[in-house]
Amino acid sequence: MTQAMRGRTDQDYEKFIADILQMTGLDLSNYKEKQMRRRINGLMDLLGIQSYAEYVQVLKNDPAKYDQFVKRLTINVSEFFRNPERWQVLETRFIPMLLAEKPDLRLWSAGCSNGPEPYSLAILMLELAPQGNHQILATDVDKVVLAQAQQGEYTIQQLRHVSPPRLAKYFTPLGNDRYAVKPEVKRLIKFRRHNLLTDPFEKDLDLILCRNVVIYFTEEAKHILYQKFFAALRPGGMLMVGGTEPLLRYKEYGFIALDTAFYQRPEGR
Ligand SMILES: C[S@@+](CC[C@H](N)C(=O)[O-])C[C@H]1O[C@@H](n2cnc3c(N)ncnc32)[C@H](O)[C@@H]1O
């Protein structure tokens, strides 16, 4: 059957994007089209749905299918201290640098998935400056993963980079190789739903982590995002990205490159 017969032409996809935007506020035109379409088509095939028009109706009427759709678009694999050598640099160099300027830090894990990233950050803050009144904001567009993040329960696989002393100190064993984050770690974090492509950003942040989130964003969407991150940081504040996601145009935004994956908004700018 041709794409036209199935109701999956380029025009059908454009209409689908417009319908989804109107329905959910999620703007699929900011995501790379080929990858997105492959994922969406895969989901539709799985559900036995032919046309994009039919799929919009299903998404409107079936919240479970809608949640499945968001999940599929945004892949949310995560683990504690992901890429441990970058976390080592954050722990030994950059958080101490920020703490030398301010005792209480405002940190943002943008695209936090089910929580390992903000919890890893909270553990570092408890160890490096336990007296501080730090705030960690953790956001994601997907409310299903945010609910899991708030729950704070993980398999040993997601905890493989957590050292045994940290595991003993900050987690409660639940049995069956599952662990729950302790309340004193949770206390530092506020979880909130937030779409990086459309929602307003906070101001005066000391550190933003945005790692493994932008891989399906178009160049244009990334360009806008990095300018907004720059504006959201205080002068002297830092941005940490994924190890394989360097900001090619960092100078254009005003950043200084500090180390692999770390950028700084210079003092006085
Ligand atoms: C692979 S996870 C990354 C989790 C964590 N940062 C890490 O590195 O382990 C990507 C997350 O980005 C989120 N995401 C995708 N598009 C987003 C958007 N427009 N706004 C906010 N979060 C988004 C997804 O829901 C997903 O949870």
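No lab work stands behind these numbers, since they all come straight from the coordinates. Keep in mind the model is a prediction, meaning the values are calculated, not measured. As a convention, Cβ positions derive from the backbone with ideal geometry for all residues, glycine included, and neighbour counts pool all protein chains shown.
Observations on the structure shown:
- 0 to 90° range, to nearest 10: angle between helix 116-128 axis and the chain longest Cα axis: 10
- Tilt relative to the chain, helix 63-74 - C-alpha long axis, 0 to 90 degrees, to 10: 60
- Here each label is just a point 7 Å from Cα along the line to Cβ, and for ASN133 and GLN3 those points are 5.7 nm apart.
- Pairwise label distance in nanometres, THR244 with ARG269, each label 7 Å out on the Cα-Cβ vector: 2.9
- Likely footprinting exposure, CYS210, CYS112, fewest C-beta neighbours within 10 Å first: CYS210, CYS112
- Proximal aspartates and glutamates relative to LYS34, as straight alpha-carbon distance under 17 Å, when same-chain residues fewer than 8 apart are discounted: ASP10, ASP12, GLU14, ASP45, GLU219, GLU220
- One quarter of the convex hull surface built on the alpha carbon atoms of the range 92-135 amounts to 3.1 nm², the projected area averaged over directions.
- With the biggest extent put first, the Cα atoms of the chain measure 63, 50, 26 Å across the principal axes.
- 14 Å reach of a label modelled at GLN35, 7 Å along Cα-to-Cβ, counting backbone N of the range 241-269: 242-246
- Looking at the chain, the DSSP beta bridges with both ends there are about 45 percent antiparallel.
- For the chain, adding -39500 (n - 2.57) for each run of n ≥ 4 DSSP H residues and dividing by the number of residues yields -12500 deg cm²/dmol at 222 nm.
- Compactness of the range 57-167 was expressed as the Cα radius of gyration divided by 2.2 N^0.38 Å, which yields 1.24.
- Residue order, fewest to most surrounding Cβ atoms within 10 angstrom, among THR92, THR9: THR92, THR9
- The label point for GLN157 and the one for VAL58, both projected 7 Å from the Cα toward the Cβ, are 2.6 nm apart.
- Over 20 Å between alpha carbons, listed pairs LYS15/LYS222; LYS102/LYS182; LYS102/LYS203: LYS15/LYS222; LYS102/LYS182
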